[in-house]
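For reference, the structure is listed below as structure tokens.
Values quoted throughout were computed directly from the atomic coordinates according to the rules given, and no laboratory measurement underlies them. Keep in mind that this is a model prediction, so the values were computed, not measured. So basically every Cβ, Gly included, is an ideal-geometry build from the backbone, and we count neighbours across all protein chains shown.
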Amino acid sequence: TAPILISPSVLNADLANLTGEIGRIASADYVHLDVMDNHFVPNMTFGLPVVERILATTAVPADVHLMIDDPDTWAPAYAEAGAASVTFHAEAARAPVRLARELRAKGARASLALRPATGIENYLDLLPEFDMVLVMTVEPGFGGQSFITGTLPKIRRTRDAITRSGGDVWIQVDGGVSRETIADAAAAGANVFVAGSAVYSAADPAEEIAVLRGKATD
Ligand code: DX5
Ligand code: ZN
């Protein structure tokens, strides 16, 4: 069975003090880095130079979420820089399988993201090409939005397909994940949990990570 993993997003952390902010979540399994280009989503964060510096200065493995146009061009550089996992969006990739193979060849886990309105059905036969599917549980672009419960059946269908195929693909959820919503996502079959505001608005982020882990495991 898939491991339960917590990946706090620094989107709503103090971006002027990323080293310190990542230090506060040292007990997490990953740090989730949201790259936005103001084209694929209506917001802009940071790109390759900043991610390269984070990778060089933190011990927490990086889970890079690319919300950008043209991931075919840009994603391999994040794998090359040492990201443990690189997620690109199905809606933006021209050749998702070619890109996934390139990411794996560079030593990263290859992950496919689906916006809330994008189905998994077209990708079911291709799941062995990926290490993870990210089912977005909000419209990508901003932290602090509320969890879209209508995405739960897609998580369930994806988990059922992975189980039937006998594969070992992780399912990540991202957006509105909190003490209130994480158990539903876990019950539907997710095993990797991104949490931005839930972790960074908590008085004690390490304690919040432990609570989330417990609620996902129950
Ligand atoms: C949103 C990003 C998320 C975001 C989640 O588009 O992909 O990773 O940081 O933030 P919360 O957990 O606050 O919804
Ligand atoms: Zn994200």
message: What are the membrane-span-like helices in the chain by this rule: whole DSSP H runs, Cα extent along the axis at least 24 Å, mean Kyte-Doolittle hydropathy at least 0.5?
response: none
query: Highest mean first, what order results for 94-104, 109-119 on Cβ atoms within 10 Å?
result: 109-119, 94-104
message: How much length would be gained if the chain were fully extended between Glu180 and Glu139, taking 0.36 nm per residue of separation minus their Cα-Cα distance, in nm to one decimal?
response: 12.9 nm
- line: A correct fewest-to-most ranking of Glu180, Glu52 by other Cβ atoms within 10 Å would be Glu180, Glu52
Potential lengthening between Asp14 and Ala105 on full extension [0.36 nm per residue; Cα-Cα distance subtracted]: 29.4 nm
- request: For Asp168 and Asn122, calculate 0.36 nm times their separation in residues minus their Cα-Cα distance, and state this gained length in nm to one decimal.
  value: 14.7 nm
message: So, R0 is 22 Å and r is the distance between the beta-carbons of Thr58 and Ala203; what FRET efficiency does that work out to, to 0.05?
response: 0.50
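When the helix-only estimate is applied to the chain (DSSP H runs of n ≥ 4, each -39,500 (n - 2.57), divided by the residue count), what is the mean residue ellipticity at 222 nm, nearest 500 deg cm²/dmol?
For the chain, the value works out to -9500 deg cm²/dmol.
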query: What FRET efficiency would be calculated for the residue pair Ser27, Ala2, taking the C-beta separation as r and a Förster radius of 22 Å, to the nearest 0.05?
result: 0.65
message: Below 8 Å, C-alpha to C-alpha, sequence gap of six or more: please give me the relative contact order for the chain in percent.
response: 21
